[in-house]
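The values are calculated or read from the model by the stated rules, or taken from the named source; none is laboratory data. Note that this is a predicted model, so its numbers are computed, not measured. Here Cβ is always computed from backbone atoms with ideal geometry, including for glycine, and neighbour counts include all displayed protein chains. Accessible surface is based on the protein model in full, side chains and every heavy atom, while ligands, DNA and RNA are left aside. Shrake-Rupley method; radii C 1.70, N 1.55, O 1.52, S 1.80 Å.
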Amino acid sequence: MVSFKYSINTNTFRDSRSASEIVDLCIKAGADGIEWGLKTLDSAPADVREMNKLTNDAGLEVIGYLNAGAMWKEDLMRQWSEAVAGCAGKTLRVAHPWFAWNYSESLHQPDNYLDLVKRSKEALKMLESLSREYRIKYVLEMHSGSIAADPWAIRYLMEGLDPDCVGTIYDPANTLIEGFIRPRGACELLGRHLAYVHAKNLIFVPLTAYTETLKPRRMQWQSHKTFLDQGMIDYVEIFFALKNSGFNGWISLEEFVTDNYIQEIAESISFLKECALAAPEAPCEPFSTFNN
C-alpha cells in the first residue's frame, strides 16, 4: 500500500511568523512535517538549528530547506551546504537558471537557452559531487519561466546522475503555466529523480484591460491561486500518477488562498487524503487499444 506524508512550505509566512509560531500552526493543522524556507545565508546556520530543534521537539519531520542560491556557483553552494549539513532535513532547493516568465522577459533575455542548459548540466554534475561530501540531496523545483519547467527538461538535465544526490520537486500547478504533461507521463519521466511534490491549484483569468492596449489586439491571461478542489489540477489524477510510478513520500502544501492558514491547511490535507484513497494504483482494464 502506497502511503503519503503531508508537509507545509513556509515561504508564504516566513517573514510574518516566528519559527515557533509556524511549528504551532503545523501541529494545529495536522501536518506531518515542514519544508522550511530560509532567509539569508548569514542567518541560515542559526535558523536551521532553531528550526530543527522546534520541529523535532514537536514530533514533526523536516523534509528539507528552500531558497539556496544559484546552483552553478560552487563557492556559494558550499556555503549553503555547510549551513544545513548534519541537520535533520536532507534536501536543499537550489536556484536554477531563469529564462523567461513571459514574452516581455523573453524579449529582453540575452542568454541563449542552450547555453543555460549546458550551465545547468555542469552545475548538477558538480552538485552530485557535493552531495556525497555533505550528505545533502539538491533539488530543483519545476517552475515556469525557468530552465526546468517540465518533466522532459528534468529528464534531460539529470539523466545519468544519481537520484540520491539530485532530484526535483514536481509542481503540477506550475506546469499549467509552462510545461504541462499528463501527470502519469510526468511521473514516469521523472522516475527516481522525483524528490517530493508541491500541492497548490490555479485557474486562469483574462487580463481584459491589458489586452485592449496591445497592438495588434490579442488575448492575455493571468494565473490566480485557488483552493485545491477548485482549480485546473485534478489531484485524484495526481495521486494515480504518483502511485503508478511507485512514489511514496511527501506532498508539501505551497501557497494559500486565505489568511486562515490552520483551517485552510487542515481542509487541504483532508482533501488530499481523500484524493489519495480514491486514486487507483495502476492502469485499469479494459485497456485502451491506442497503440495496437
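Among the residues examined, residue 273 qualifies as in a helix (DSSP H, G or I) and either free of Cβ contacts under 8 Å to residues at least 24 places away in the same chain or of a type outside the set (Gly, Ala, Ser) (or both). In the set 69, 86, only one residue is of a type outside the set (Lys, Arg) and on the phi > 0 side of the Ramachandran plot; that residue is 86. Residue count for segment 1-49, restricted to those that are part of a strand (DSSP E or B) and aliphatic (A, V, I, L, M): 2. Go through 43, 20 for me and flag whichever is touching a residue at least 12 places away in the same chain (Cβ under 8 Å) and surrounded by fewer than 17 Cβ atoms within 10 Å (Cβ to Cβ). Every option except 20 fails the conditions.
Filtering segment 79-112 to residues that are assigned to a helix (DSSP H, G or I) and over 22 Å from the mean Cα position of the chain (by Cα) leaves 79, 82, 103, 104, 105, 106, 107. One residue stands out in segment 26-39 among those that are within 14 Å of residue 268 (Cα to Cα) and not basic (Lys, Arg): the one that is most open to solvent (accessible area, probe 1.4 Å), namely 32. Does residue 129 meet the test of being over 30 Å from residue 52 (Cα atoms), small (Gly, Ala, Ser) and either modelled with pLDDT of 95 or more or surrounded by fewer than 17 Cβ atoms within 10 Å (Cβ to Cβ) (or both)? Criteria not met by residue 129. The residue pairs whose first member lies in segment 1-17 and is closer than 15 Å to residue 33 by Cα, whose second member is among the aromatic types (Phe, Trp, Tyr) and not in a loop (DSSP other than H, G, I, E, B), and whose beta carbons are closer than 6 Å, counting only pairs six or more residues apart or on different chains, are 5/250; 7/250; 10/36. Looking for something open to solvent by less than 50 Å² (accessible area, probe 1.4 Å), in contact with a helix residue (DSSP H, G or I) (Cβ under 7 Å, 6 or more places away or on another chain) and assigned to a loop (DSSP other than H, G, I, E, B) - is there at least one such residue anywhere in segment 236-252? Scanning segment 236-252, I find at least one residue that is open to solvent by less than 50 Å² (accessible area, probe 1.4 Å), in contact with a helix residue (DSSP H, G or I) (Cβ under 7 Å, 6 or more places away or on another chain) and assigned to a loop (DSSP other than H, G, I, E, B), so the answer is yes.
The residues of segment 71-80 that are farther than 9 Å from residue 127 by Cα and open to solvent by 20 Å² or more (accessible area, probe 1.4 Å), listed by number, are 73, 75, 76, 78, 79.
Out of (1) outside any helix (DSSP H, G or I); (2) out of contact with any Leu (no Cβ under 7 Å at 6 or more places or on another chain), the odd one out for residue 65 is which? Just one mismatch for residue 65, condition (2). Of the conditions (1) over 24 Å from residue 67 (Cβ atoms); (2) touching a His at 6+ places or on another chain (Cβ under 8 Å); (3) not charged (D, E, K, R), residue 163 clears all except one; give me its number. Residue 163 satisfies all of (1) over 24 Å from residue 67 (Cβ atoms); (2) touching a His at 6+ places or on another chain (Cβ under 8 Å); (3) not charged (D, E, K, R) except (1). Among the residues that make up segment 93-109, is at least one of them among the aromatic types (Phe, Trp, Tyr), in contact with a strand residue (DSSP E or B) (Cβ under 8 Å, 6 or more places away or on another chain), touching a residue at least 40 places away in the same chain (Cβ under 8 Å) and open to solvent by 40 Å² or more (accessible area, probe 1.4 Å)? Within segment 93-109, one or more residues are among the aromatic types (Phe, Trp, Tyr), in contact with a strand residue (DSSP E or B) (Cβ under 8 Å, 6 or more places away or on another chain), touching a residue at least 40 places away in the same chain (Cβ under 8 Å) and open to solvent by 40 Å² or more (accessible area, probe 1.4 Å). Residue pairs whose Cβ atoms lie under 8 Å apart, separated by 6 or more positions or on different chains, with the first residue in segment 220-235 and basic (Lys, Arg) and the second surrounded by 14 or more Cβ atoms within 10 Å (Cβ to Cβ), are 225/200; 225/201; 225/202; 225/255; 225/256; 225/257.
Looking at segment 270-284 only, could you name the residues that are more than 20 Å from residue 203 (Cα to Cα) and open to solvent by less than 70 Å² (accessible area, probe 1.4 Å)?
270, 276, 278, 279, 280, 282, 283
You will find that of 40, 55, 91, the residue that is closer than 15 Å to residue 165 by Cβ and hydroxyl-bearing (Ser, Thr, Tyr) is 91 and no other.
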